Amino acid sequence: MLRHLVLLKFKPDTTPAAIAEITAAFHTLRTSIATVRALESGTDISPEGLAKGYTHAFLLTFDDAAGRDHYLPHPAHQAFVAQLQPLLEDVLVLDYATGHA
């Protein structure tokens, strides 16, 4: 399995309503793109204070790198990215294969 971790840092003037809309739109990718096996999300609740302004995390699961590679250029994903970009201050993406130390 391959995990695709996306951390979002929104611009300071982004409204809670806009963030809720983005979160809902992100979750529609689970049903729009067949290679997305699972998608979960949440907001930072760590007491450590090390999030560096990233507030929202999304974790997508794919069977393998080929599934992820199908997802990235998919029109539904690209439309979502276009919707998200005006609200973003920064994004961090990390992919990893499960089962490895």
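Please treat every number below as a calculation from the coordinates, not as lab data. Worth saying up front: this structure is predicted, and the values here are computed from it rather than measured. Cβ placement follows ideal geometry from the backbone for every residue including glycine, while neighbour counts extend to all protein chains displayed.
Normalised by the number of residues in the range 31-81, the average gap of Cα pairs under 8 Å and 6 or more apart makes the relative contact order 43 percent. Using the Stokes-Einstein relation with a Kirkwood hydrodynamic radius computed over Cα pairs, the translational diffusion coefficient of the range 1-59 at 20 °C and a viscosity of 1.002 mPa s comes to 169 µm²/s.
If R₀ is 25 angstrom, what is the calculated FRET efficiency for the pair residue 19 and residue 82, using the beta carbon separation as r and rounding to 0.05? Present the calculation step by step, with values, prior to reporting the outcome.
Working: r = 17 Å, r/R0 = 0.67.
Calculated transfer efficiency: 0.90.
Loop sites by DSSP among the trypsin sites (Lys or Arg not before Pro) of the chain, restricted to those with at most 15 other Cβ atoms within 10 angstrom, leave 53-101 as the longest stretch without any of them. Have a look at 73, 16, 47 and tell me which one the Gaussian network model of the chain (Cα, springs below 10 Å) gives the largest fluctuation. Looking only at 73, 16, 47, the largest GNM fluctuation is found for 47. 3J(HN,Hα) couplings calculated from phi for the range 73-88 with the Karplus curve 6.51 cos²θ - 1.76 cosθ + 1.60 (θ = phi - 60°) are, in sequence order, x, 4, x, 5, 5, 5, 5, 5, 4, 5, 5, 6, 3, x, 9, 8 Hz; Gly and Pro show x.
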